[in-house]
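S.K.: My questions all concern the structure below.
Read the figures in this text as sums done on the coordinates, not as results from a lab. Being a predicted model, the structure only gives us computed values, none of them experimental. Using ideal geometry, Cβ is built from the backbone for each residue, glycine included, and neighbour counts are taken over all protein chains shown.
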Amino acid sequence: MKLKAIREIFHRELDKVYPKEEVDSFFYRMIEEYLGADRFVLVLNPDFSVGKNEEAPFFKGLSLLKQEYPIQYILGKAWFMEMDFMVNEKVLIPRPETEELVRWVLEDVQRRQASPEILDLGTGSGCIAVSLAKLVPRARVTGLEISDDALAVARQNAKRHGVDVRWILADMMDATAVKGKWDIVVSNPPYVREKEKAAMGNNVRLYEPATALFVPDTAPLRFYERIAQLASENLREGGALYLEINQYLGPETVALLETKDFSEIELRKDIFGNERMVKAVKVGTAIRA
Ligand SMILES: C[S@@+](CC[C@H](N)C(=O)[O-])C[C@H]1O[C@@H](n2cnc3c(N)ncnc32)[C@H](O)[C@@H]1O
């Protein structure tokens, strides 16, 4: 079948679900992934044809896209910090906002020229832990996660990118989950309130893991309370905590951190202009006295 005919079928079936440009983008990503060809193959050769075996994954992908199944799960791959991460339904798909959090950590680490000990809480696909291990070669990175299935994905991602990360399977809410001395604690914990669910797209709500996303309306900061406590007990003096946060709970998250021994608490907006990240520096006992 001609590739351009498959493209026409994609538009006929999917234009009512997604914007046209997005449908093209899905199609081109499949060309790259399934045919190993350049996305401009149709410009260079408008009559490019594929055999029955080659066209099969396109039609399988099409039927999943119709159900708003995420393209990253279809391809088993997501890009994060210009690195390809394996993903499946057991892990959250890495987001561009989280790249901004990683870049914030990188800015500070590079300025300090240190060999930091880094702890990533709720590591999921390992996108934060693995990219920091790759981009800060002197760092010693640990990733903690409650889901065994997610940790299996994180392990594969570390292998894929040739980095050594220590993995801990544990519940971060458990007070004994982790003990150590860290220079950096970073986390993108679950923060979407149940009442915010209705505003989310089907691609997220139906297919991404609920344990990675949701918190009760009555305790939206439950993970932040625990992480703030854990970081305050386990960060070295002058060490820093970096958090991705719910855009509607910036002031509340800052207020929570102010109740612990942190200083230089800074709230940052993401590229979309939403209050999305917080950094806080652990105060030493000498400074507090
Ligand atoms: C928002 S996702 C973030 C995943 C990844 N760090 C990222 O930024 O894409 C939150 C992660 O925390 C994990 N998680 C949820 N509850 C947890 C708990 N009590 N202890 C440890 N990890 C937990 C979830 O399984 C999920 O992988």
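S.K.: Looking at 198, 251, 235, which one has the Cα that reaches farthest to the positive end of the dipole of the stretch 155-289 (charges on Cβ: Lys, Arg +1; Asp, Glu -1)?
M.R.: Result: 235, furthest along the dipole toward the positive end.
S.K.: Checking the cross-link filter: which lysines have an alpha carbon closer than 28 Å to that of residue 4, excluding same-chain neighbours under 8 positions apart?
M.R.: Within the straight-line limit of under 28 Å, residue 4 reaches these lysines: 16, 20, 52, 60, 66, 77.
S.K.: Can you give the charge dipole size of the chain about its Cα centre, rounded to the nearest 20 debye, using +1 on the beta carbon of Lys and Arg and -1 on the beta carbon of Asp and Glu? Write out the running numbers ahead of the final one.
M.R.: Values: 40 positive and 45 negative charges, 74 e Å.
Magnitude of the dipole: close to 360 debye.
S.K.: Here is a further query. Translational diffusion coefficient of the stretch 167-289 at 25 °C, 0.890 mPa s, Stokes-Einstein with Kirkwood Rh over Cα pairs, in µm²/s as a whole number. Write out the running numbers ahead of the final one.
M.R.: Numbers: Rh = 15.4 Å.
Diffusion coefficient, whole number: 159 µm²/s.
S.K.: Of 59, 27, 41, whose Cα points farthest to the positive end of the dipole of the stretch 3-67 (charges on the beta-carbon: +1 Lys, Arg; -1 Asp, Glu; origin at the Cα centre)?
M.R.: Among 59, 27, 41, the one farthest towards the positive end of the dipole of the stretch 3-67 is 59.
S.K.: Nearest 0.05, what FRET efficiency do residue 15 and residue 84 give at R0 = 35 Å with Cβ-Cβ as r?
M.R.: Numbers: r = 28 Å, r/R0 = 0.80.
Efficiency computed from Cβ-Cβ geometry: 0.80.
S.K.: Using Stokes-Einstein with the Kirkwood hydrodynamic radius over Cα pairs, what translational diffusion coefficient do you get for the stretch 46-138 at 10 °C and a viscosity of 1.306 mPa s, in µm²/s rounded to a whole number? Walk me through the numbers before you get to the answer.
M.R.: Details: Rh = 15.6 Å.
The Stokes-Einstein estimate is 102 µm²/s.
S.K.: Quickly work out the residue 173-to-residue 4 label distance, labels modelled 7 Å from Cα along the C-beta direction, and quote it in nm with one decimal.
M.R.: 5.7 nm
S.K.: Modelling each spin label as a point 7 Å along the Cα-to-Cβ direction, I'd like the residue 210/residue 33 distance in nm, to one decimal.
M.R.: Spacing of the two 7 Å Cα→Cβ label points: 2.6 nm.
S.K.: To the nearest 20 debye, what charge dipole does the stretch 95-150 have about its Cα centre, counting +1 at the Cβ of each Lys and Arg and -1 at the Cβ of each Asp and Glu? All intermediate terms of the calculation are to be shown ahead of the outcome.
M.R.: Values: 7 positive and 10 negative charges, 82 e Å.
The calculated dipole for the stretch 95-150 is roughly 400 debye.
S.K.: Rounded to the nearest 0.05, what FRET efficiency do residue 148 and residue 194 give with R0 = 25 Å and r taken as the Cβ-Cβ distance? Could you check?
M.R.: Numbers: r = 25 Å, r/R0 = 1.00.
After rounding to 0.05, the efficiency reads 0.50.
S.K.: When the dipole is taken about the Cα centre of the stretch 3-67, and only Lys, Arg (+1) and Asp, Glu (-1) are charged at their Cβ, what size is it in debye, to the nearest 20? Present the calculation step by step, with values, prior to reporting the outcome.
M.R.: Details: 10 positive and 12 negative charges, 45 e Å.
For the stretch 3-67, the charge dipole is close to 220 debye.
S.K.: Follow-up question, since we're still on this one. Kyte-Doolittle cut-off -1.0, length cut-off 15 Å along the helix's own axis using Cα: show which whole DSSP H helices in the chain pass.
M.R.: Numbers: long enough: 3-14 (16 Å, -0.16); 20-30 (16 Å, -0.85); 52-66 (21 Å, -0.41); 96-112 (25 Å, -1.03); 148-160 (18 Å, -0.90); 222-234 (18 Å, -0.80).
Passing helices, by number: 3-14, 20-30, 52-66, 148-160, 222-234.
S.K.: When the helices in the chain are scored as -39500 (n - 2.57) per DSSP H run of 4 or longer and the sum is shared across all residues, what 222 nm value do you end up with, to the nearest 500 deg cm²/dmol? Please list the in-between numbers first.
M.R.: Details: 13 runs with 120 residues, N = 289.
That calculation yields -12000 deg cm²/dmol at 222 nm.
S.K.: Find the Rg to Rh ratio for the stretch 204-263, where Rh is the Kirkwood radius over alpha-carbon pairs and Rg uses the same atoms.
M.R.: Working: Rg = 13.3 Å, Rh = 13.0 Å.
Ratio value, two decimals: 1.02.
S.K.: Let me ask another. For the stretch 78-288, what is the largest minus smallest coordinate of the Cα atoms on each principal axis, given in angstrom and ordered from greatest to least?
M.R.: 50, 41, 35
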